[in-house]
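Report on one structure; see the data block that follows.
The values are calculated or read from the model by the stated rules, or taken from the named source; none is laboratory data. From a predicted model like this one, the values you see are computed outputs, not experimental measurements. Note that each Cβ is placed from the backbone with ideal geometry, even for glycine, and that neighbours are counted across all protein chains shown. Note: areas computed on protein heavy atoms with side chains; ligands, DNA, RNA excluded. Shrake-Rupley method; radii C 1.70, N 1.55, O 1.52, S 1.80 Å.
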Amino acid sequence: MRGRLPVSGSQSSLREANRARVVDAVKRHGGLTQVELTGATGLSAATVSTIVKELVTAGMVEVRPAVRSGRRAQLVTLSHRVGLVAGVVVGYRHMRVAIADVTHEVVAEQTLPLPADHRCDTSLDRAALLVVDLLERVGVDLDELLAIGLGIPASVDVSTGLITVRGVLRGWDGVPIAQVLEKRLARPVFVDNDANLGALAESTVGAAREYHHALYVRASHGVGAGVIIGGRLHRGPGGTAGEIGHVQVEPAGRICVCGSTVVGIPALLEPLRTSHGNLTLRDVVTLANDDDPGCREIVADAGATVGAVVANLATVMGPECVVVGGELAETGETFLGPVREAIRRRTLLNQLTPLDVVPAELGARAELMGAIVLALQSTDVFENADDGTQKGSL
C-alpha cells in the first residue's frame, strides 16, 4: 500500500518549522549569509532562499551585500524595525547599560559608578532610569523595547531570578531580581550570572563562535567561568556551574563572604600594599601595562593561579577553546601567558585538536553584549512586527 500523502496542515507546520529554524539561526548570530544559513539549519539552499524571500517581503529580515572569504555574498539580518532590547550589567562598583537592535548593534550606551555594597532596590532604580533615558536619546518609546537582559556577579536561578549562593552580593539575597525590574519598566527581564553572559556573547558573536565546546573565564574583582557545551550555555543547578572562584587553592586561603576559601583577585593584590599602598584593580592593570615590575609580577602570579584552576575544569570538560576576559585580561600576555602555560602543563595534550587559549574578542564589553544576546534569545523578536498577518506564524 502506498503511503498517504501529507495533509496540507502538516505541510504548513513543516513550512513554519523551517521558517523558525532560519529565524532562530539569524537571531542567534545576528547575521548570516544564505550559504551559512544552509549549514546552520540543515535545510536545502532552495528552501533557505525561498524562506528568506518570504521574510524579506514580510519586513522581518533584511538582505544586504557582504564579503565572505573574499567572495561576494548576501548577508541576512533581522529587520531593524522589529524592535530593540536593553542589556544591563551590575558590577560591584559600576553599572553598564546599553540599547541594541536585533542585529546586536549597540545604538546607545552608558556607564554609571556605584558605591561599595550598593543595595538591590536603589541599583535597580538606577538601571530603570538609565534604560528609559537611553531610549529617549534614540527617540524610542518604552513599549517598543522587547526585553531586558540583566547580568550580576553572583550565581542565579534563572527561573526565579534569585541569587542561589548567599552573601556574594550583599543586600541582594532573597530578592526576585527580574520581577523587581519588570515592575519598574513593565517589560520582560531575564537575569543571569555575568560570566555566563560573557560566555554567551563570546560563543555567539565573539572568539568562541566557531567552537561547540568552550570555556569563558572572567578575571576581575572575582573570578568566574561560563561553560558552553554543544553550543549551549550550561548553567548547572541553581546557576552554579563555572564558579571557579570558589575552588579551594590553599586550605588556609582567603575566606569569601559565602564561607568558602577562594581564588580571589583582592587576596592576590595584598602583597602590593607595602610597596604601592592601597591600589584598586584598575590601578594595578594600568601600572602593569606601564611595565611596573611589581604589578606585572602580581598579574602574572594571578594568571598562573587562575590557569591552574581552569586546567582542572578543562581536564574534566574537554573544551576546544578557553576564552579569557575580565579586567586582568586587559594586560595581554602578562596575564594570558601564565594562564596558557598553566593550562598547557596541567591538561592532557590532544594532538588532533589542541586546546586554544585566546583573549576575549569582545573585551570589556563581553558581559554587556551577553546581556543583549540573552534578551534577544529569550523573547519573540517578532511580537512587534507591523504585519499582523505574520504575527505568531514563526
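Below are the figures for this structure:
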| item | result |
| --- | --- |
| Which listed residue is among the β-branched types (Val, Ile, Thr), assigned to a helix (DSSP H, G or I) and either touching a residue at least 40 places away in the same chain (Cβ under 8 Å) or open to solvent by 50 Å² or more (accessible area, probe 1.4 Å) (or both), from 180, 227 | 180 |
| Search result, residues across segment 197-219 that are surrounded by fewer than 24 Cβ atoms within 10 Å (Cβ to Cβ) and more than 13 Å from the chain's Cα centre (by Cα) | 210, 211, 212, 213 |
| Verdict on residue 235 being more than 25 Å from residue 118 (Cα to Cα) and buried (at least 18 other Cβ atoms within 10 Å of the Cβ) | yes |
| Options 116, 86; residue that is under 17 Å from the mean Cα position of the chain (by Cα) and closer than 30 Å to residue 153 by Cα | 86 |
| Verdict on residue 38 being open to solvent by less than 70 Å² (accessible area, probe 1.4 Å), farther than 30 Å from residue 199 by Cβ and modelled with pLDDT of 90 or more | no |
| Residue in segment 54-61 that is farther than 30 Å from residue 184 by Cβ and part of a strand (DSSP E or B) present | yes |
| Some residue of segment 317-325 being hydrophobic (A, V, I, L, M, F, W, C) and assigned to a helix (DSSP H, G or I) | yes |
| Residue match in segment 326-345 (condition: under 21 Å from the mean Cα position of the chain (by Cα), outside any helix (DSSP H, G or I) and buried (at least 20 other Cβ atoms within 10 Å of the Cβ)) | yes |
| Residue check for residue 46: open to solvent by 60 Å² or more (accessible area, probe 1.4 Å), of a type in the set (A, V, I, L, M) and out of contact with any strand residue (DSSP E or B) (no Cβ under 6 Å at 6 or more places or on another chain) | yes |
| Condition met for residue 305 (among the hydroxyl-bearing types (Ser, Thr, Tyr) and at pLDDT 90 or above) | no |
| Test: residue 88 is open to solvent by less than 60 Å² (accessible area, probe 1.4 Å), in a strand (DSSP E or B), modelled with pLDDT of 85 or more and among the β-branched types (Val, Ile, Thr) | yes |
| Single residue of 171, 161, 149 found to be touching a helix residue (DSSP H, G or I) at 6+ places or on another chain (Cβ under 9 Å), closer than 27 Å to residue 238 by Cα, crowded, with 23+ Cβ neighbours inside 10 Å and small (Gly, Ala, Ser) | 149 |
